[in-house]
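Taken together, the values in this text are just the output of simple stated rules run on the coordinates, not laboratory data. Nothing here was measured: the structure is a model prediction, and the numbers come from that model. Ideal geometry is used to build each Cβ from the backbone, glycine not excepted, and the neighbour counts take in all protein chains shown.
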Amino acid sequence: MRTFAPGKLVLTGAYAVLEGAPAIVVAVGRGAFADTARAAESPTPEVAAALGEAAAPHVDASAMFVGARKLGLGASAAILVASLAAREADAGADLAEPAVRARLFAAARAAHAKAQAGGSGVDVAASVYGGAVHYVVGQTPTRVAIPSGLRVHVFACGVSARTSELRAEVDRLARTGPAAHRACLDDLAAVANDAARSVDVADAAAFVVALRRTARALARLGDAAGVGIVPAGFDALEALAAREDASMSVSGAGGGDVAVYVGPTAPSPVFLERADALGLSSLDLSLDTKGVRIAPAAPAFAAASPSPS
């Protein structure tokens, strides 16, 4: 059985989601394919945590990489969810059934946290459920709708980030500068709650404002922790986006990987020129509304495509 699980873009809630704040995450069309007709030569740590000694399906997640560089779209979660879903489908489960998805989410969430020594599970939620998801740790993920009239344009930053390393520096700040850490996390939590409310009432303008505030709150956290959560030069891009009634922010934990422009129109040529000067490139990326699912059989040439497994 061959399955597909989408990747993710975390729009709001980064870092604060670990303390109970809501996150808004969207699933994207680049993801991972798992195929039980072939065995994985070297399962990822997350898949190994879920399956133990059981055979893992072959996975192709090459669309989530540029060469050996990951794009930061949640490859580890997508690979894990696709792998577990392929085994479920082989056993006759209907991947569209809510009970099956709930079971998949619980198993993948636990294995992902075990392999990565923590994490929120927000990327697992996107891979399982698809679409836009309102996510709170410990609660069932809820599908929502991003306010209408907004365009999402994604940029590859050209630099890969390691979320675990960024999180470690933020954790260090909690130990060495607890007051500064608390202020930054409270700020991010307040913005995350405002963003979730704007989605609930379908207020596009308020959602964009929340995304702008997210960008600056992440920058303050990075400054306090002494780590580059927001890359150099992004403040100028944020200002350009604001003049276009839009927002520009790193996705998720930041540090590189991808950044997201959200506004009523596509970014202007001036914005694109400035982004290019900073080493950012537009990424061909669509939003995925279906979540994990059965995928068509792979074409014959796909066996030669690169794969992390």
### Summary
Summing -39500 (n - 2.57) over every DSSP H run of at least 4 residues in the chain and dividing by its residue count gives a helix-only mean residue ellipticity at 222 nm, to the nearest 500 deg cm²/dmol, of -13500 deg cm²/dmol
### Query
Hey, got a sec? Which trypsin sites (Lys or Arg not before Pro) in region 141-191 land in a DSSP loop and have at most 15 other Cβ atoms within 10 Å?
Arg162
### Query
Where in the chain lies the longest segment free of GluC sites (Glu not before Pro) that are both loop residues by DSSP (not H, G, I, E, B) and have at most 10 other Cβ atoms within 10 Å?
54-309
### Message
What is the distance in Å between the Cα centroid of region 1-51 and that of region 102-167?
### Response
7
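If contacts are Cα pairs under 8 angstrom and at least 6 residues apart, what is the relative contact order of the chain in percent? Each step should come with its number before you reach the end.
Details: 671 pairs, mean separation 84.6, N = 309.
RCO, the chain: 27 percent.
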### Query
Given springs between every Cα pair under 10 Å in a Gaussian network model of the chain, which of Ala183, Ala54, Ala217 has the largest fluctuation?
Ala54
### Coarse-grained scattering of the chain at q = 0.07, 0.09 Å⁻¹, given as base-10 log I(q)/I(0) from a Debye sum over alpha-carbon atoms
-0.25, -0.42
### Message
Let me spell out the model: positive unit charges on the Cβ of Lys and Arg, negative unit charges on the Cβ of Asp and Glu, origin at the Cα centre of the chain. What dipole size does that give, in debye rounded to 20?
### Response
200
### Task
Treat region 151-282 as a sphere of radius equal to its Kirkwood radius over Cα pairs and apply Stokes-Einstein at 37 °C in a medium of 0.692 mPa s; give the translational diffusion coefficient in µm²/s, rounded to a whole number.
218
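Applying a 10 Å radius around every beta-carbon, put 8-15, 116-123 in order of their mean neighbour count, most first.
8-15, 116-123
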